[in-house]
Amino acid sequence: FIQFSNRYLYLGSFHKKSVLNFFDETRKKYGEVFLLPGGFGKKSLLFTFNLDDFAKVIRSEGTWPQRRGLETMRYHREVHRKEDFGDVIGLVSSNNEAWGKIRSAVNPILMQPKNARLYLNKMLEVNDEFLQRIREIRDPNSLEMPDNFEEELNRLTFESVAVVALNRQIGLIRKNRDSGDAKIIFDSLRKFFELTLALDFFPSIWKYVKTPTFNKQMKNFDTINEIIIKYINEAEKRIENDALSSKNSDNEEKSVLEKLLKVDKKVARVMALDLLMAGVDTTSSTLTGILLAIAKNPDKQEKLRQELKTILPQKNSLLTMENMKNLPYLRACIKEGIRMYPIGAGTLRMCSEDIVVSGYQVPKDQEIVLNHNILINEEKYCPRAKEFIPERWLRDEKANHEPLNPFLYMPFSFGPRSCVGKRIVEMELEITVARLIRNFYVEFNYPTENAFKTILISVPAIPLKFKFSEVEY
C-alpha cells in the first residue's frame, strides 16, 4: 500500500482542498488503493476505488457490522454529559450489542415503508407551508428566491423530521420563524459537521489535550441538545396528557418518540434527538442537488410534470399513499439527482474478518473507505455521467441504458448499518419534488460548476436563487 503523511491534509498540495478534491488528487497520485496512516489516537484508513472490492467488503460484514463512530459525539455523551445519556449513546457512535439493541428497537418503526407512509399527511401540511413561503418571499419581478433560500430548505427539512420524530410542527417555516431558537439550531448543526470533520477525521490532539476546537464542539453539542431536548420534553408532556385523557389512543400516526417510549425511554429520547440532528443539512443538500439537476434540464422537468399530472390533475390535488405508488419517473429523477450531486464520497466500513482487497491481505478491524460516489460520476462506470438521464433508472428503458452496478449507488449506505431514516428521507424528497414541479416551473439561471463545498458532507456554496414561476393549471 502507498502511505503518505497526515501533514498533507494541511500542508503542501492538499492545503485547503475539499474532501472530494482531496480524495480525487490522492487517487491520481497514489493509485486506486492507498493507506492513510492514523495518528493522534486515530486508526489508519484504507481507501479503495476498485469496484470489485466493494461487494467483497460489504459481504464480509457480520451480524453487528462495525463502523467508526463520531468520537467527539461519543465523548460528549459518555463523559461530558453522561448524566443525560447514561449508557445509551445512539446508533451513530455505538457498536456491537449496544448498537444491535437500539437498531432492533428502531427498525420496525422506521425502516418499513408502510410505517413511513403513516406520516404522509403530517409532511404534506409542512409542505403546504413551504409552498406558501416560496410565494411570499420570491421577488415579484424576477420570481427568484433570495440569497438565503438555503435556510428555508433547512427549515423545511427540520419541520418534516419533527412531525415524524415528535408528531408536531415547531413552526419554523412561518408561524414561529422569528423564534430565537431557529438561527441558533441551524448555525449549530452546520458547525457540528464542520467541527466533526476537523476533530474526528483530520489530525487533532484533542484526545491528549482538550483543544479550543474540541471545547467549541462540546459547547456546540450542548447548544444543540438544549434546544432539541426542550422540544422532546414538550412532546413527552403532550403524550402524557393525551394518555390521561385517552386521546388519540387509536391514532396510527403516533410519533417515533411515542412509539419508542413504550420500548425504552432512553432510546426514544436519543433517537428523536439524532433524527433531528442528522436530518437537516443532509436532506436539504440532497434536495438542492436534485432541484439543480431538474432546473437545468427543462425537457426532463416537463416529462416529470406530465407524469405528476396523471395523479394530480389540479395543482392543489392531494398526494395520497395510493396515488404515490405509480410515480416511476419522479423516483428516477430523484435517484439521478442524488447520483450527480452526492453529499459524500462514499461509505466507511470496518472489516469483521481478514479479507483480500485488490490483491492485498487486509486484517480484521481495518477501516476501509469505499469511494462509490466518486466512481458513479465517471464515464467508465456510468455512461454519459455528466448528463442528467433519469431514464437510466427505469425498467422499461434498460435496453437503452447500461445498468449500473448496485454497489455504485448506495446513498443511504448498505446492509444492517444503512441509514435508519432512509424511508423518511425518501418520502420527504418525493413529496417536495412532486409538489414543487406540479406547482412551479423551476429554473436556475446561474452557473452550477462549483455549487457545493465539502465540510463533512457537501453543502451549497452558492446562493440558491431558484426561479419559481407558476404553472397555469
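Read-outs throughout are calculated quantities, based only on the coordinates presented, and are distinct from any laboratory measurement. What you are looking at is a predicted structure, and each value in this text was computed from that prediction instead of being measured. FYI the Cβ positions are ideal-geometry reconstructions off the backbone, even for glycines, and counts take in every protein chain you see.
With bins 10 Å wide starting at 0, give me the P(r) of the stretch 319-473 over every alpha carbon pair, in whole percents.
All Cα pairs considered, the percentages come to 9, 29, 36, 19, 5, 1, 0.
Can you tell me the dipole magnitude for the stretch 230-371 around its Cα centre, using point charges on the Cβ only (Lys, Arg +1; Asp, Glu -1), in Debye to the nearest 20?
For this selection, approximately 460 debye.
Assign unit charges at the C-beta atoms only (+1 for Lys and Arg, -1 for Asp and Glu), then state the dipole size of the stretch 355-473 relative to its Cα centre in Debye, rounded to the nearest 20.
260
If amide hydrogens are placed 1.01 Å from N in the peptide plane, which non-local residues have theirs closer than 5 Å to the one on Met350?
Close amide H contacts, sequence-distant or interchain: Gln66, Ile368.
Kindly identify the stretch 369-435 as rounded, prolate or oblate by the Cα gyration tensor criterion: order the square roots of the eigenvalues as a ≥ b ≥ c, call it rounded if a/c is under 1.5, otherwise compare a/b with b/c, prolate if a/b is larger, else oblate.
In terms of gyration-tensor shape, oblate.
List the residues, sorted by chain then number, that are 5 or more residues from Ser44 or on another chain and whose placed amide H is less than 5 Å from its amide H.
Residues meeting the criterion, in which the H sits 1.01 Å from N, are Gly38.
Towards the positive end of the charge dipole of the chain, with charges on Cβ (+1 Lys, Arg; -1 Asp, Glu), say which of Leu172, Thr223, Asn127 has the farthest Cα.
Going by the charge dipole, the pick is Thr223.
Residue by residue, what Karplus-based ³J(HN,Hα) values in Hz, rounded to whole numbers, does the stretch 54-69 have, using 6.51, -1.76 and 1.60 with θ = phi - 60° and x for Gly and Pro?
4, 5, 4, 5, 5, 6, 8, 5, x, 5, 10, x, 8, 7, 4, x
How much length would be gained if the chain were fully extended between Arg168 and Glu449, taking 0.36 nm per residue of separation minus their Cα-Cα distance, in nm to one decimal?
This chain segment gains 97.3 nm when fully extended.
Could you go through the stretch 203-217 in sequence order and give the Karplus-derived ³J(HN,Hα) for each residue, using 6.51 cos²θ - 1.76 cosθ + 1.60 with θ = phi - 60°, rounded to whole Hz, and x for Gly and Pro?
x, 7, 9, 4, 5, 10, 9, 6, 6, x, 5, 4, 4, 5, 5
How about the stretch 382-473: which GluC sites (Glu not before Pro) there lie in a loop by DSSP and see at most 10 other Cβ atoms within 10 Å?
Glu449, Glu472
As I understand it, the dipole of the stretch 53-99 uses +1 on the Cβ of Lys and Arg and -1 on the Cβ of Asp and Glu, about the Cα centre. Which of Leu91, His76, Gly62 lies farthest toward its positive end?
Positive-end residue among those listed: Gly62.
When the dipole is taken about the Cα centre of the stretch 131-247, and only Lys, Arg (+1) and Asp, Glu (-1) are charged at their Cβ, what size is it in debye, to the nearest 20?
260
Any idea how far the Cα center of the stretch 273-297 sits from the one of the stretch 121-174, in Å?
Using only Cα atoms to place each centre, the spacing works out to 13 Å.
Projected onto the charge dipole of the chain (+1 at Lys/Arg Cβ, -1 at Asp/Glu Cβ, origin at the Cα centre), which of Pro328, Met277, Pro342 gives the Cα projection farthest towards the positive end?
Met277
From the backbone phi of the stretch 259-270, what are the Karplus-calculated ³J(HN,Hα) couplings (6.51 cos²θ - 1.76 cosθ + 1.60, θ = phi - 60°) in whole Hz, Gly and Pro given as x?
5, 6, 4, 6, 9, 6, 4, 5, 4, 4, 5, 5
Which percentage, to the nearest 5, of the DSSP beta bridges contained in the chain is antiparallel?
Antiparallel: roughly 75 percent of the beta bridges in the chain.
Can you list residues whose amide H is under 5 Å from Ser458's amide H, if they're 5+ apart or on another chain and H is modeled 1.01 Å from N?
Gly344
Just check the stretch 268-375 against the gyration tensor rule for me: Cα atoms, a ≥ b ≥ c as the square roots of the eigenvalues, rounded for a/c under 1.5, and otherwise prolate or oblate depending on whether a/b exceeds b/c.
prolate
In terms of the Cα gyration tensor, with a ≥ b ≥ c the square roots of its eigenvalues, is the stretch 165-309 rounded because a/c is under 1.5, prolate because a/b exceeds b/c, or oblate?
Note, shape of the stretch 165-309 comes out oblate.
Below 8 Å, C-alpha to C-alpha, sequence gap of six or more: please give me the relative contact order for the stretch 386-473 in percent.
Relative contact order for the stretch 386-473 comes out at 19 percent.
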